[in-house]
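Some notes on the structure that comes next.
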Number of protein chains: 2
Amino acid sequence: MIEIAIYNDYQLGLETLTKLIADIPDFRVTLSSRNIEELTQSLKKRKAHILVYSLPDDSLKNLIQISQLKVAFPRMSILILSQNDGDEIIMKAVKSGARGFLGKDSNTNDLKEAILTLRNGYEYFGNSITKIVLNRYITSLDTPEQLPANEIKQLSARQIEILKLWGQSLSNQEIADKLYISVRTVETHKNHIMQKLNLKSTVDMVKFAIKNNIIEI
Amino acid sequence: MIEIAIYNDYQLGLETLTKLIADIPDFRVTLSSRNIEELTQSLKKRKAHILVYSLPDDSLKNLIQISQLKVAFPRMSILILSQNDGDEIIMKAVKSGARGFLGKDSNTNDLKEAILTLRNGYEYFGNSITKIVLNRYITSLDTPEQLPANEIKQLSARQIEILKLWGQSLSNQEIADKLYISVRTVETHKNHIMQKLNLKSTVDMVKFAIKNNIIEI
DNA sequence: ATCAAATTACGTGTTTTACGTAAGTGAATG
DNA sequence: CATTCACTTACGTAAAACACGTAATTTGAT
């Protein structure tokens, strides 16, 4: 049984999508929401395996939300549905951490397949899309940066929380007080973050946090 | 006597502009260059009161250069000449630290007046432009951030140098070794930066450096 | 039920930051 | 020419943060 959360800011779209997915065997819709705040809160209580996220036509700021969801719920895969499937939007979706993308020509069967693919730990970007992603990815490899078999590891919610507070210029002591934990624990969290991400200095940690929309510049 | 440096990447433009300004009484052109690197080096040896900077039509990265010149030579006022005088470009020029702007309709008299105005410590943005700047400025005031009569102070070249190295994740000791100074001095420089800019934490210092193109994210 | 990761926390030694003080240099100004 | 002001250099002392190791408990996933 695959547990699925659905986001769509358009009520009718949300309803039809929910019904569609709920009717597929082995798929269970555990959450459907039109509101990101609500979605986030509910996800904290009940995790989902997959988030199906309908991208409104306009929006770019939604991709920031996706980044944030991605860091908050690292084990959840995000599948984006979008009417607009231009190169730009797909690349941005990939960058913000989506693991799948379904363009305007996708059908129900594609949706089902995408969810299953994500559930098995793979990415899903429709056939025509794959080559775009691949091309750009290969291009990006030309840049001679060392990435020594080093996957981008994900932070835990708590780690992100600490990073966020620290990024707002709070001292370790202030963070500790706010979260009712020891200063030593705050330090430990920060140490873990640095180890996990293989960062050399706190400066790098700030940069990481900015790049990943964890703190505001 | 006002000492003026001129930048224009177009040779013919540089020559005519230089000649024009040099012919104005009390104005002395001490430097004219088509190359930013050369300009920066020469300015280190001989400071100018005013830099007249001709903005190429296309360029946005030039505005980054202006930011950098501004921090490197805080006492020098930068006057921008630009064929393109849309809202966008003006606002960016202001943000990058230019103290004056002359659009496509300006004449020689305006140029002279602008230079004199800057020399007296004021800003010069042609009449039609002033209201744009003002409007946006007022809008920005709506954001309830505390700015307690606190002007944005400029860093010295040395301070920027330290900030830049530190922003590349070097430790104080490494910076000290690189610059052949004591660790204590590096610390002092950083303290001065924090005091001058009224920053609460090193996190803020990183943010400042990023915002001002001193370090790369 | 079991195994991995997350959260909590301490010990110890080094580095950085906070804040004050201070000498020497150079540019600006009256 | 004297004065003033910012800049660069540097030290002293105490507090805070960081590096690195260890470890008990809890939570999650399979």
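The values are calculated or read from the model by the stated rules, or taken from the named source; none is laboratory data. All values derive from a computational prediction rather than experimental measurement. Don't worry about glycine lacking a Cβ; one is built from the backbone with ideal geometry, like all the others, and counts go over all protein chains shown. These area figures cover heavy atoms from the full protein model, side chains too; ligands, DNA and RNA do not enter into them. Shrake-Rupley method; radii C 1.70, N 1.55, O 1.52, S 1.80 Å.
Does any residue of the range A:190-202 turn out to be within 12 Å of chain B (Cβ to nearest Cβ) and surrounded by 20 or more Cβ atoms within 10 Å (Cβ to Cβ)?
No: zero hits.
Search the range B:208-217 for residues being farther than 16 Å from B:Ala157 by Cα and open to solvent by 30 Å² or more (accessible area, probe 1.4 Å), and hand back the single one that is farthest from the other protein chains (Cβ to nearest Cβ).
Ranking the candidates gives B:Glu216 first.
Sort out for me the helices (runs of 4 or more DSSP H) sitting completely within the range B:164-217 that have 2 or more residues that are under 21 Å from the mean Cα position of the chain (by Cα).
B:183-197, B:202-211
Starting from residues that are exposed (fewer than 15 other Cβ atoms within 10 Å of the Cβ) and in contact with a strand residue (DSSP E or B) (Cβ under 8 Å, 6 or more places away or on another chain), keep the ones in the range B:16-27 and report whichever is nearest to B:Ile2 (Cα to Cα).
B:Asp26
Yes/no matrix, rows are residues, columns are (1) in a strand (DSSP E or B); (2) outside the structural domain of B:Lys164 (by TED's automatic domain parsing); (3) at pLDDT below 75:
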residue: B:Ser59; (1), (2), (3): no, yes, yes
residue: B:Ile66; (1), (2), (3): no, yes, no
residue: B:Leu69; (1), (2), (3): no, yes, no
residue: B:Arg75; (1), (2), (3): no, yes, yes
residue: B:Ala98; (1), (2), (3): no, yes, no
residue: B:Phe101; (1), (2), (3): yes, yes, no
residue: B:Glu113; (1), (2), (3): no, yes, no
residue: B:Leu116; (1), (2), (3): no, yes, no
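Could you tell me which of the residues A:Asn120, A:Asn213 is more than 16 Å from DNA strand C (Cβ to nearest atom), modelled with pLDDT under 90 and at positive phi?
A:Asn213
Scan the range A:157-176 residue by residue and report those that are within 11 Å of DNA strand C (Cβ to nearest atom), open to solvent by 30 Å² or more (accessible area, probe 1.4 Å) and closer than 27 Å to A:Gln41 by Cβ.
A:Ala157, A:Arg158, A:Glu161, listed by residue number.
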